[in-house]
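Report on the following structure.
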């Protein structure tokens, strides 16, 4: 018998729905705590999208089916705080590109180097790693 959650989202497995829901909700919660109160809606939206995109890629590339653990969330919050500090004093205007580039770089490093299953995998370039995981 299929669960209501499967029926609601078609053929998406219930485990996948739960993982994505937890990652999305936790990302929103953690990001709101990591950003300064002065962060604009644009900064908040960018940050949630960048972090959630990276967390979901971690699931795909590194087979992290449990989602980030507490240490991972603390690391991600530290990335946000570092990017904010480098974008000051004008985070919401001229500092925005600095913030975005810094956060994207830190999240990419975390995805491809911090969470790899082996030293060999962590040394692969991101595009090659994607191809190996996809079987291409």
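Quick note: the coordinates plus some simple rules give every number you see, no bench work behind them. All figures in this text were calculated on a predicted structure; none of them were measured in a lab. Methodologically, a virtual Cβ is constructed for each residue, glycine included, from the backbone with ideal geometry; neighbour enumeration extends over all protein chains shown.
Counted over the stretch 1-108 with a bin width of 10 Å, the fraction of Cα pairs per bin, in whole percents, is 14, 43, 26, 13, 4, 0.
Here the label points at residue 109 and residue 88, each 7 Å from Cα along the C-beta direction, are separated by 2.0 nm in the simple model.
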